[in-house]
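Below is one structure; the comments refer to it alone.
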Amino acid sequence: EAQVTQNPRYLITVTGKKLTVTCSQNMNHEYMSWYRQDPGLGLRQIYYSMNVEVTDKGDVPEGYKVSRKEKRNFPLILESPSPNQTSLYFCASSLSDRNTEAFFGQGTRLTVV
Amino acid sequence: EDQVTQSPEALRLQEGESSSLNCSYTVSGLRGLFWYRQDPGKGPEFLFTLYSAGEEKEKERLKATLTKKESFLHITAPKPEDSATYLCAVRNSGNTPLVFGKGTRLSVIA
């Protein structure tokens, strides 16, 4: 089954404690991206990757890092989380940046206290 | 700056009562306009991509249309299972992020 898998689904952490949210896709997609979704603000792109070792900033990259060492994986790293990063996070992948029949993961609800 | 505005914010329909959702956009060179459906607690699910004014696409009770300034998602004879938030997004001709609207929350009452 074609899917994008995020882990964990739920996470409560404390300010400053480094964390990683993993994202994996099994469709051999080149394009992957991370979004955060906040009430009243909608979905906003954090980072995206056009292919292995190619990443770029989206609209709200501050406080986040990503890496793309393998085609299937695109982890999101919060080096020093802060309460304003409490949000619902989605990873997405598509065949290319032009083909946006994007597949989204099930989401990670992060709370930073 | 690319902008996407969706209206209404929320819409409540009786089962079978057809209606339309609006997505107005401002973009420097439209590369594509996209509609997604999102159920509570889940990731968005892709519905349609429209590339040029005049284009239309259909899927079951949904039909998406595109003009130079806006897109409509027409829902014909909706059923309760069509209840969801519908998201519109645009991408411009440059290498820029997809820009989403805030969505329209649709409730269809039996």
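The Cα center of the stretch A:11-75 and the Cα center of the stretch B:55-110 differ in position by 25 Å.
Here the protein assembly as shown has an Rg and Dmax of 17.5, 51 Å, counting Cα atoms alone.
A 1.4 Å probe run over the protein chains yields, for the stretch A:51-95, 48 Å² of accessible area per residue, whole-number rounding.
Applying the criteria of a DSSP loop state and at most 11 other Cβ atoms within 10 Å to the trypsin sites (Lys or Arg not before Pro) of the stretch A:17-112 yields A:Lys17, A:Lys18, A:Lys69.
Placing +1 on each Lys and Arg Cβ and -1 on each Asp and Glu Cβ, with no other charges, gives chain B a dipole about its Cα centre of roughly 160 debye. For chain A, the fraction of alpha-carbon pairs lying more than 23 Å apart is 21 percent, rounded to a whole number. Heavy-atom surface analysis with a 1.4 Å probe gives the protein assembly as shown a carbon and sulfur content of 49 percent of its accessible area. Suppose we flag trypsin sites (Lys or Arg not before Pro) only when DSSP calls them loop and at most 12 other Cβ atoms lie within 10 Å. Which is the longest uninterrupted stretch of chain B? The longest uninterrupted stretch comes out as B:1-67.
Hey, any idea what the orientation-averaged projected area of the convex hull of the stretch B:46-105's Cα atoms comes to, in nm²? Reported value for the Cα convex hull: 4.6 nm². For the stretch B:1-66, just say rounded, prolate or oblate: build the C-alpha gyration tensor, square-root its eigenvalues into a ≥ b ≥ c, call rounded for a/c under 1.5, and beyond that prolate if a/b exceeds b/c, oblate if not. In terms of gyration-tensor shape, prolate.
By definition, a body whose alpha carbon gyration tensor gives a ≥ b ≥ c is prolate when a/c is 1.5 or more and a/b is larger than b/c, and chain B fits this prolate description. Taking GluC sites (Glu not before Pro) across the stretch B:22-95, the ones in a DSSP loop with at most 14 further Cβ atoms lying within 10 angstrom of their Cβ are B:Glu60. To the nearest 20 debye, what is the magnitude of the charge dipole of the stretch B:19-80 about its Cα centre, counting +1 on the Cβ of each Lys and Arg and -1 on the Cβ of each Asp and Glu? Computed about the Cα centre, the dipole is about 40 debye. In this structure, the pairs whose alpha-carbon distance is over 25 Å, taken from A:Lys69/B:Lys102; A:Lys71/B:Lys57; B:Lys57/B:Lys79; A:Lys57/B:Lys57, are A:Lys69/B:Lys102; A:Lys71/B:Lys57; A:Lys57/B:Lys57.
The values are calculated or read from the model by the stated rules, or taken from the named source; none is laboratory data. No experiment lies behind these values; they were computed from the predicted model shown. So basically every Cβ, Gly included, is an ideal-geometry build from the backbone, and we count neighbours across all protein chains shown. In case anyone asks, the SASA skips ligands and DNA or RNA and just uses the protein heavy atoms, side chains included. Shrake-Rupley method; radii C 1.70, N 1.55, O 1.52, S 1.80 Å.
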